[in-house]
Each structure stands twice: as C-alpha cells, then as structure tokens.
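Coordinate-derived values only; no laboratory data. These numbers were taken from a predicted model, which means no experiment stands behind them. Please note: Cβ atoms are built from the backbone with ideal geometry, for glycine as well, and neighbour counts cover all protein chains shown.
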Amino acid sequence: MELDFSQFNDLEVDNIGEWPVLPKIVLTIFIGIMVIVLGYVGLISDKMDTLKSVQAKEISLREEYRSKYHVAANLELFQEQMKQAETLFANQLKSLPESHETPGLLDDITFVGTTSGLNFTKLNWQPEITKKIYIELPIDIEVQGTYHEFGNFVSKIAGLPRIVTLHDFDINFIKNTAGDLTLKLQAKTYRYREVDE
C-alpha cells in the first residue's frame, strides 16, 4: 500500500472533521505525544526531583537511625565508659596543683634536686600562661652537677605526685671542673582554670 501524501495538501484547521483519515491519525498521534511530553514536564518531572531528594533524605535518616540504634543498643557500655572517663578526669584534676599548693611544688623540686646531688643556681616562677581550660605555671631552673645526677633528677621529677613537664633543656660543660655540667631547663605545672577565671 502506497501512502498518498497529497492528502496533507490544502488542509484547513477550521475544518478538521472533514480531513482525510491519514492526516487525522497523524494529528492525533502528534497531539498525544504533545500531551505526554507536557504532562511529564508539567506534572512528573517535579515529582521526580522530589522523589530523588526524598530518597537521599531516606539514606541519611537510615544512617542516623543506625548510629542511634548502635548507641541505644550499647547504652550501658557507653554509660560505664562515661563513668570511667569522669573518674579518670577527676584523678587527673587531683594531679594538678591548686593555687595554694604551687609554692610547695618549688620545695618538692628543690628536695628532688638536692637529693639527686645537684646544686641549684636558679629556681624562679615565671608569669602564668592562661590557656582555654588550664593555666600553665612555668618555672625556670638552672642546676649544676654530673650527667647521671641530671638523669636521676629528671626521673624523680617524673615520679612527683603532681603533673610536672620538663622543656627546653640546655646542657653545658663548666670550665675547670672535673666533668661538672650546667643544666638549664623549664619545668611546667598546670592548674585547672575555674569558670570565674
């Protein structure tokens, strides 16, 4: 069967009812395609974007649910760990000297140094350094002695009941002595910063 395209000549839009069958079919298919395309663009494409965003939200909510479920399932374990952390923190706070205990720390350092065989030439507090949650209390120390006495001194400082850290070591030979050295260093202790400070 051969298509007769001459049927598409001289068609009038005002008189669609009298068009031949083939132009009516083509027009119906064209209108159907236009309705489908416009319906998709107007109604479905917005819904597709909404669906994608809801699916992405579903994934994040599932992950949030999993993490909260994990916490809920292990709540007793987390509570026990929290108690242990609080106990550890309280013990660490006890290792920090309070403001009325800091002068005694100089006595402890002097005692540790002299029992180690060192001679103190300098032992001075430096200005406090305020940090976010603690206050740093530096002490400049200069001592004379032998290398082994220095090691014994550092070991005993580490054994003090209060937290003391040692920084900026500088060791020099003393001229005209039998192996004596000068050790300059900075010791730092820390104090918990109260809210009103």
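Given points 7 Å out from each Cα along the Cα-Cβ axis, report the Gln79 to His167 separation in nanometres with one decimal.
Reported label-point gap for Gln79 and His167 is 4.2 nm.
Provide the gained length on full extension for the span Ile133 to Asp49, in nm with one decimal, where the gain is 0.36 nm per separating residue minus the Cα-Cα distance.
25.4 nm
Tabulate in residue order the Karplus-calculated ³J(HN,Hα) for segment 43-50, using 6.51 cos²θ - 1.76 cosθ + 1.60 with θ = phi - 60°, rounded to whole Hz; enter x for Gly and Pro.
With the stated coefficients, segment 43-50 comes to 10, 8, 5, 5, 5, 5, 4, 4 Hz.
When averaged across all projection directions, what area in nm² does the alpha-carbon convex hull of segment 97-192 cover?
Its Cα hull, projected and averaged over all orientations, spans 6.0 nm².
Calculate I(q)/I(0) for segment 1-73 by the Debye formula, one identical point scatterer on each C-alpha and no solvent, and give its log10 at q = 0.12, 0.13 Å⁻¹ to two decimals.
With no solvent term, the Cα-only Debye profile gives -0.60, -0.64.
Given the Cα-Cα distance of Ile33 and Ser67 and 0.36 nm per residue of separation, how much length would full extension add, in nm?
7.4 nm
Can you compute the FRET efficiency between Asp180 and Glu86 using 1/(1 + (r/R0)^6), with r the Cβ-Cβ distance and R0 = 30 Å? Round to the nearest 0.05.
Computed FRET efficiency for Asp180 and Glu86: 0.05.
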